[in-house]
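See structure below.
The values are calculated or read from the model by the stated rules, or taken from the named source; none is laboratory data. Here the structure is a predicted model, which means the values were calculated and not measured. Only protein heavy atoms, including side chains, enter the accessible area calculation; ligands, DNA and RNA are left aside. Shrake-Rupley method; radii C 1.70, N 1.55, O 1.52, S 1.80 Å.
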Amino acid sequence: QVQLAESGGGLVQAGGSLRLSCVASGNIFRNNIMGWYRQDPGKQRELVAAMASGGITNLADSVKGRFTISRDNAKNTVYLQMNSLKPEDTAVYYCNLAYAGHTYWGQGTQVTVSS
């Protein structure tokens, strides 16, 4: 079983920054993709950023130039550095780990950006 523990959410003013962290524990396949999704109430969960263990990244167009994803494979940890935050970035952010047909989710962390 795999567990994901997120941290780093909170309340910030527009233009500010936050850094999310997610630590994976358990039986983790070395070749995997870790990433972040977000969801507003009443909306579908959407991909924000993802990074494969080999380094390939995928960022949503809405966050390119503002968010950066990185990971420490030795620590099974993925980070999301969020700069120039906008009110529309407000959502619950979920960590995701995927490999070989398996998908795991964290419990989510709230990010609120005030205008």
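Rolling a 1.4 Å probe across the protein heavy atoms gives the chain an accessible surface of 53 Å² per residue. For the pair ALA74 and SER115, the difference between a 0.36 nm per residue extended length and the Cα-Cα distance amounts to 11.0 nm. Ordered from largest to smallest accessible area (heavy atoms of protein chains, 1.4 Å probe), the residues ILE33, ILE69 come out as ILE33, ILE69. In plain terms, the chain from ILE56 to ASP40 could stretch by 3.1 nm, reckoned as 0.36 nm per residue minus the Cα-Cα distance.
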